[in-house]
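These notes are about the structure you will find just below.
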Amino acid sequence: MKNKNNRFKDLRILLTVGILFSCFTVNAQNPLQSVIDDLRNMFGFLTPPASNPDFLYDFSYHSTDTIYLDSVCQDTVTSEIFWSQYQDFWYMQYDTVQRTKTEDLINQAAQHGFAKVPLGIMHWDYLRVKDSAMNTGLFFNFDIPNTRFLDKTNPVSTPYKKKNFFMGAPLFPEVNSRKVEYLIDPNYLLFDDAHNANYNGSGTTDFYIDFGDGNGWQLIDPTVTAAYPITYNSPGKKIIRFSHVFPGTPANSNNYINFSIGFINIKFIFKGEGDYADPDQEITRNGLNIGIFNSETCNSPEDVKKVIVLEGWDPMDFWPIFNTPSGAIYQQIVDVPRIKILEDFNYEYHVISWQNSQKSIVENAAYLAAYLDELYCNRTNDHPFVVLGHSMGGLVGRFALTAMENGFSNSNCGMPGNFTRLFISLDAPHQGANVSMGLQQFYADYHSRYTV
């Protein structure tokens, strides 16, 4: 069973991500917003250069080290650094409506599914006001009462220096699986017109990624949305390297045009032999992700018996990337000697992971009832079901079975009642649960703001 420590870990993840989001949602009460307003007032009356980049360094405060603001950087970039840098650049824009807000882009990146991690690239030119232009009257006119820099009719030279910025990283800090699908999606390859040739397939440069799995550099086509399945042999920190080189130049030659090092933490959910078991079959139905674990001894469909295992509340599953896979639920609930031994007696397990356990019990119960009806309609024998619900899954199972037994659920093939001989609930709060009002309010607000 999923123990209290694991549930508390889920809540810690929720709180951590919530705090991360709050840092990216700047409002009028946030003191950083006043700093940004002052900087835009100070530099916002200057006319952008004719062939200017989209960004001016001096429009924003900067939350990351300037060592990252280059085209070649050997320091490791975490997802937190990537998102902080994106937030800085969002405020550095001359026109802040051009690009997606940080919290919206994070939310979009989280929707692809469990262990599906988009890789992000930022590749932009930006301007920075020269230090010498700040303390002489040769480049700007100074409106001291209003704290503003104004254009000078004939400056001695340009007051700006142009810089090239390149950064790559996984868009999430960790994955609870050794099997990861990295996604190359043009939605997360963020570049300006000056660097369009690097990503439009024109052959100006070759784009390589080393996923840190021991197989070295892979040539990537950035114009195509593609998944790169990677299996790591051990948990821990994995380094992911990104580079542009001239066509025909080996990626490991150190002759980089652009170079960045990303980082992700691979966590096996369980200790011991390693990752959780893979189901024999995976299917998807409305509201449900289902892993089917076959009986280890039964070879005859006429003899197989079905146990339907229901997941409990999963605090983060409104973001698919954090949805608990059926294999993890199986290992938490089924893979203990007294339950797993049933596989030797012709039992197979249908392990249900809710696609969104935040939905009402009534709605998820309707999804469960529809799946039970499908199993009945496609049955190969007359062995009734066993339903096992953990925590909130016990509440959903009880509601669904009661509704079916009392005729409140329609069957496509005349299923009698719920066709279930045994219902087991584990740690289910049938008389209610005590959850602090503060946590309920935090979660309700967080869920309403950051889900699609």
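Could you tell me what percent of the DSSP beta bridges with both partners in the stretch 27-266 are antiparallel, to the nearest 5? Close to 75 percent. Against the main long axis of the alpha-carbon atoms of the chain, helix 79-92 sits at an angle near 40°.
Distance between the modelled labels on Ala50 and Asp143, one decimal in nanometres: 2.5 nm (7 Å Cα→Cβ projection).
Within the chain, what percent of beta bridges assigned by DSSP are antiparallel, to the nearest 5? Can you show the working numbers first?
Numbers: 51 of 79 bridges.
DSSP beta bridges in the chain are roughly 65 percent antiparallel.
The residues neighbouring Trp354, those whose beta-carbon lies less than 13 Å from its own, together hold a net charge of -2 under the Lys/Arg +1, Asp/Glu -1 convention.
Between Val97 and Asn294, the modelled labels are 5.9 nm apart [label points 7 Å from Cα along Cα→Cβ].
For the peptides 85-92, 46-53, what is the packing order when you average, over each peptide's residues, the other Cβ atoms within 10 Å and list the highest mean first? Spell out each step's value before the answer.
Numbers: 85-92: 21.8, 46-53: 12.9.
Final packing ranking: 85-92, 46-53.
Per the Kirkwood formula applied to alpha carbons, the chain shows a radius of gyration over Rh ratio, Rg over Rh, of 1.08. Mind checking the angle between helix 392-405 and the chain's longest principal axis? C-alpha axes, 0 to 90 degrees, to the nearest 10. The angle comes out near 50 degrees. For helix 361-377, what angle does its Cα long axis make with the longest principal axis of the chain, in degrees from 0 to 90 and rounded to 10? Computed tilt is about 50 degrees. The modelled label-to-label distance between Asp37 and Thr153, using points 7 Å beyond Cα along the C-beta direction, is 3.5 nm. Protection proxy ranking for 222-234, 375-387, 159-171, 103-115, using the average of other Cβ atoms within 10 Å per residue and placing the highest first: 159-171, 103-115, 375-387, 222-234.
Here, each number is a calculation from the coordinates, and none is a lab measurement. Being a predicted model, the structure only gives us computed values, none of them experimental. In this analysis, Cβ positions are derived from the backbone assuming ideal geometry, glycine residues included, and neighbour counts consider all displayed protein chains.
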